[in-house]
Each structure stands twice: as structure tokens, then as C-alpha cells.
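**Student:** My structure is below; once you've seen it, I'll send some questions.
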Amino acid sequence: MVMDQALLALLMGVYSGCTAEEIVNDDFSFIDTIGIKEDLAPSRIKDLNAMIAKIKLFAKEQCDWELSK
């Protein structure tokens, strides 16, 4: 659980202040650049990928909502 919180804090730190459109269009390549997956167990990589997918989903929903106004 602590590791999940740390991963979420990392994502929040990177994407805090970004618009939903910026998040949707980002490829999250910084994850590979910093090499964090090399130090994570497979279950943690799965958790990280799930967090990224959820963040992208929320951002896409926000973009869709803004376009529908």
C-alpha cells in the first residue's frame, strides 16, 4: 500500500498543473526515462499501469465534458 501511495504521489507530482488535454496527449514516457519499472515487482508494474490508465480515463472524461459544454 505504501508503494502504491508513492507511485500515485509521483504521478500527481508530474501531472499536477497539467490540463486534461495535456494528460490525454502525454505518453507517460517519463516512467521509462527514469527507469522506475526496473525496480518494481511485476504486481507493482501492473498497479502503476492501472493508475496511469485511470488517470488517462479521468482526463479524457474531463476533455469530453469540456467539449460538450
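**Student:** Go through region 51-65 and give me each residue that's more than 13 Å from M3 (Cβ to Cβ) and either in contact with a helix residue (DSSP H, G or I) (Cβ under 7 Å, 6 or more places away or on another chain) or of a type in the set (A, V, I, L, M, F, W, C) (or both). Talk me through it step by step, then tell me what you get.
**Tutor:** At the first step, the residues of region 51-65 found to be more than 13 Å from M3 (Cβ to Cβ) are 52-65.
Result: I52, A53, I55, K56, L57, F58, A59, K60, Q62, C63, W65.
**Student:** Please list, ordered by first then second residue, the pairs with beta carbon atoms under 7 Å, 6 or more apart or interchain, first in region 49-61 and in contact (Cβ under 8 Å) with a residue 12 or more places away in the chain and part of a helix (DSSP H, G or I), second surrounded by 12 or more Cβ atoms within 10 Å (Cβ to Cβ) and of a type in the set (V, I, T).
**Tutor:** Sorted first by the residue in region 49-61, then by its partner, the pairs are I55/I23; K56/I23; K56/V24; A59/I23; A59/V24; K60/V24.
**Student:** Just give me the residues in region 24-50 being more than 12 Å from the chain's Cα centre (by Cα), under 18 Å from M1 (Cβ atoms) and not β-branched (V, I, T), in sequence order.
**Tutor:** D39, L40, A41, P42, S43, R44, K46
**Student:** Quick test for you: out of G13, G17, pick the one residue that is in a helix (DSSP H, G or I) and surrounded by fewer than 16 Cβ atoms within 10 Å (Cβ to Cβ).
**Tutor:** Answer to the check: G13.
**Student:** Another question about this same structure. Please go through region 20-69 and pick out each residue that is open to solvent by less than 90 Å² (accessible area, probe 1.4 Å), among the aliphatic types (A, V, I, L, M) and under 12 Å from L10 (Cβ atoms).
**Tutor:** Taking region 20-69 first, the residues open to solvent by less than 90 Å² (accessible area, probe 1.4 Å) are 20, 23-24, 26, 28-31, 35-37, 40-41, 43-45, 47-53, 55-57, 59, 62-64, 68.
Those left that are additionally among the aliphatic types (A, V, I, L, M): 20, 23-24, 31, 36, 40-41, 45, 48, 50-53, 55, 57, 59.
Hits for region 20-69 are I31, I36, L40, L48, M51, I52, I55.
**Student:** Give me the pairs, please: first residue somewhere in region 1-25 and more than 18 Å from L57 (Cβ to Cβ), second residue anywhere and at pLDDT below 95 and surrounded by 13 or more Cβ atoms within 10 Å (Cβ to Cβ), beta-carbon distance under 6 Å, and either six or more positions apart or on two chains.
**Tutor:** From region 1-25, the pairs are M3/R44.
The values are calculated or read from the model by the stated rules, or taken from the named source; none is laboratory data. Worth saying up front: this structure is predicted, and the values here are computed from it rather than measured. Here Cβ is always computed from backbone atoms with ideal geometry, including for glycine, and neighbour counts include all displayed protein chains. All accessible areas refer to the heavy atoms of the entire protein, side chains included, with ligands and DNA or RNA removed. Shrake-Rupley method; radii C 1.70, N 1.55, O 1.52, S 1.80 Å.
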